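Asker: Quick one: structure below, then a few questions.
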Amino acid sequence: MDKVIIIKYGELSTKKDNINFFLQQLKKNIANSLENYEHNISFDRGRMFIETSASNLDKVINKLKNIFGIHEIIIGYRSKRLDIASIKEDILELIRDLNFKTFKVETKRSDKSYPLKSLEVSKIIGGHILKNKDNISVDVHHPEVLVHIEIRKEEILYYFNSIKGLGGYPVGTQGKGLLMLSGGIDSPVAGYLGIKRGIKIEAIYFESPPHTSEMAKEKVIKLCQVLAKYNSNIKLHIINFTEIQESILKNINYEYLITIMRRMMYRISAIIAHNNKCNIILNGESIGQVASQTLTSMRVINEVVKMPVIRPVACFDKLEIIELAQKIGTFAISTLPYEDCCTVFVPDHPVINPSSKKALEYEALIPYEDLIHQAIKNHVVLNITAEDNNKYQDIL
């Protein structure tokens, strides 16, 4: 028998006629993640198989745990011996060193020409285990060990317990999106959820020196390093927002500062997204959480762009967002005490029901088109990977 890692697809199995597109992308993503390990990948519509050396097995599985599109990860065994007598021998060899009191056998027969039905195989193998291992019993509801047997056309697969994968779609199957990454708790979670649905993300960050610190930017880079575990790399666009922000501060009614500032950020994000072939903008807005995230504010801010804006955490409450941030490893970074330009000049009483007419009147007081053009012209782009360890590459 040969040891093999088996990948189950889950949601991808529902794709029917275009499943091959998703599986090819999943194979490509896995191959990219395992480029430093010797491996071989093959797949069919039901399973994907990864062969690697015993010494790399745990490292490869740890990589697979961060890849979207995988429902389950299983360490399995392949055998070309298809007769029932050989199945009995193989199962006893595999369970010899396992300690358990209860078990169950489940058989799946994708080869319908096999002479025994699935239930018959399960009964025969279950009886054989009972005869050959002491002090055990069958438990069909909560077994300690679940023995899986898959009878295929030219081989039989054996496996036991599985490791839960991330699910979702393979990254890249839905094109690209631009994540507005602030450094707070919400936007990294929004990015993670976008990646889960197959979106390859780039990120945009607005800095405002000297009002924001270099440490605030470093915090965003660290968040990108975490997200890059799931996205393979993050292309981070850094926009100097100082002139735009100071112009808003000098010329616009204080209660409209956040509304106008967000409208400028949306305009810039839409241009960067378009120039980098991103189909959508993503952000961490959650309905009603702050003044700029009331439904009226969202409408007035959103109207300056034609590109779709996706808000993955829009209907999450704060505790749900925090729980997910802790799970994916961004919470501790997001809560470092370095302010971003969205929070550094928040007025005491920002407008919660802004009007489009007022926003346009205020915007007419500043030369925002020229300021936006200069900010985009001078922006910096970093390519960040999960292995950067605080090193990153300026690629603009």
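Asker: I need the phi-derived Karplus couplings for the range 3-16: 6.51 cos²θ - 1.76 cosθ + 1.60, θ = phi - 60°, integer Hz, Gly and Pro marked x.
Answerer: 7, 8, 8, 10, 10, 9, 8, x, 4, 4, 5, 7, 7, 6
Asker: If you don't mind, there's one more thing I want to ask. What residue among GLU323, GLU339, GLU202 shows peak mean-square fluctuation when the chain is described by a Gaussian network model with Cα springs under 10 Å?
Answerer: Comparing GLU323, GLU339, GLU202 in a Gaussian network model of the chain, the most mobile one is GLU323.
Asker: When DSSP assigns beta bridges and you keep just the ones with both residues in the chain, what percent turn out antiparallel, to the nearest 5?
Answerer: Details: 33 of 58 bridges.
Antiparallel bridges: around 55 percent, rounded to the nearest 5.
Asker: Suppose every Lys and Arg Cβ carries +1 and every Asp and Glu Cβ carries -1, with no other charges. What dipole size does the range 176-394 come out with about its Cα centre, to the nearest 20 debye? All intermediate terms of the calculation are to be shown ahead of the outcome.
Answerer: Values: 23 positive and 23 negative charges, 164 e Å.
In total the dipole reaches around 780 debye.
Asker: Based on DSSP H runs of at least 4 residues, each adding -39500 (n - 2.57), what is the mean residue ellipticity at 222 nm of the chain after dividing by all its residues, to the nearest 500 deg cm²/dmol? If you can, show how the numbers build up before the last one.
Answerer: Details: 13 runs with 149 residues, N = 396.
After summing the helix terms and dividing by residue count, I get -11500 deg cm²/dmol.
Asker: Next question. Given H placed 1.01 Å from N in the peptide plane, which residues other than close sequence neighbours of LYS108 have an amide H under 5 Å from its amide H?
Answerer: ILE149, GLU150, ILE151
Asker: When the chain is modelled as a GNM with alpha-carbon springs shorter than 10 Å, which of ILE19, ILE67, ILE221 fluctuates the most?
Answerer: Most flexible of the set in this elastic network: ILE19.
Asker: Here is a follow-up. So for each of 178-185, 36-43 I average, over its residues, the number of other beta carbons within 10 Å; can you give me the resulting order with the highest mean first? Please report the intermediate quantities before stating the final value.
Answerer: On the way: 178-185: 26.0, 36-43: 13.6.
Per-residue mean Cβ counts within 10 Å order the peptides as 178-185, 36-43.
Asker: For the Cα atoms of the chain, what angle does the longest principal axis make with the long axis of helix 368-377, in degrees from 0 to 90, nearest 10?
Answerer: Long axis of 368-377 versus the principal axis of the chain: about 50 degrees.
Asker: From the backbone phi of the range 281-298, what are the Karplus-calculated ³J(HN,Hα) couplings (6.51 cos²θ - 1.76 cosθ + 1.60, θ = phi - 60°) in whole Hz, Gly and Pro given as x?
Answerer: Each residue's phi maps through the Karplus curve to give 10, 10, 8, x, 5, 10, 3, x, 5, 9, 4, 7, 10, 6, 4, 5, 4, 4 Hz.
Asker: With +1 on each Lys and Arg Cβ and -1 on each Asp and Glu Cβ, how big is the dipole of the chain about its Cα centre, in debye rounded to the nearest 20?
Answerer: Working: 51 positive and 46 negative charges, 278 e Å.
I would put it at about 1340 debye.
Asker: Decide, for the range 132-243, between rounded, prolate and oblate: order the square roots of the alpha carbon gyration tensor eigenvalues as a ≥ b ≥ c, take rounded if a/c falls under 1.5, and otherwise choose prolate if a/b is larger than b/c, else oblate. Walk me through the intermediate numbers first.
Answerer: Details: a/c = 4.70, a/b = 2.79, b/c = 1.68.
Prolate, because a/c is 1.5 or more and a/b exceeds b/c.
Asker: Given the range 176-394, what percent of its DSSP beta bridges are antiparallel, to the nearest 5? Intermediate results must be reported in sequence, preceding the final value.
Answerer: Numbers: 7 of 22 bridges.
Close to 30 percent.
Asker: How large are Rg and Dmax for the chain when calculated on the C-alpha trace, in angstrom?
Answerer: Calculated on Cα positions, Rg and Dmax stand at 26.7, 87 Å.
Asker: Cβ neighbours within 10 Å, averaged per peptide: list 161-170, 369-378 in order, most packed at the top.
Answerer: Top to bottom by mean Cβ count within 10 Å: 161-170, 369-378.
Asker: Take the Cα coordinates of the range 176-394, assign each an equal point scatterer, and use the Debye formula without solvent to give log10 I(q)/I(0) at q = 0.15 Å⁻¹.
Answerer: So the normalised log intensities work out to -0.95.
Asker: If you don't mind, another one. Once the other residues with Cβ under 12 Å from the Cβ of LEU365 are scored (Lys, Arg +1; Asp, Glu -1), what is the net sum? Write out the running numbers ahead of the final one.
Answerer: Details: positive: LYS250, LYS358; negative: GLU361, GLU363.
With Lys, Arg at +1 and Asp, Glu at -1, the neighbours total 0.
Asker: What is the Å³ per residue value for the convex hull set by the Cα atoms of the range 2-167? Could you put the intermediate results ahead of the total?
Answerer: Details: hull volume 20.2 nm³, N = 166.
Convex hull volume per residue, Cα atoms: 122 Å³.
Asker: Further, regarding this structure: So how do 328-336, 112-120, 225-233 stack up, highest first, on mean other-Cβ count within 10 Å? Before the final figure, lay out the partial values.
Answerer: Values: 328-336: 16.9, 112-120: 12.8, 225-233: 22.0.
Ranking the peptides 328-336, 112-120, 225-233 by packing returns 225-233, 328-336, 112-120.
Asker: For PHE100 and ASN36 in the same chain, what is the full-extension length gain: residue separation times 0.36 nm, less their Cα-Cα distance, in nm?
Answerer: Additional length available on full extension: 19.4 nm.
Asker: Another question, if that's okay. Charges at C-beta only: +1 for Lys and Arg, -1 for Asp and Glu. How large is the resulting dipole of the range 200-251 about its Cα centre, in Debye rounded to 20? Don't skip to the answer; put the middle values down first.
Answerer: Working: 7 positive and 6 negative charges, 62 e Å.
Taking the Cα centre of the range 200-251 as origin, the dipole is about 300 debye.
Asker: Continuing with the same structure: Lys/Arg Cβ at +1, Asp/Glu Cβ at -1, dipole of the range 14-64 taken about the Cα centre: which of SER55, LEU26, ASN36 is farthest positive-ward?
Answerer: The Cα lying farthest towards the positive end belongs to LEU26.
Asker: Shifting gears a bit: Show which lysines lie in cross-link reach of LYS65 when reach means a straight Cα distance below 16 angstrom and same-chain residues fewer than eight apart are skipped.
Answerer: Hits, sequence-local ones excluded: LYS8, LYS27, LYS28, LYS164, LYS196, LYS229, LYS327.
No value in this document is a laboratory result; all are computed from the given coordinates. Just so you know, these numbers come straight off a predicted model, no measurement behind them. Neighbour counts run over all protein chains shown; Cβ positions are idealised from the backbone, glycine included.
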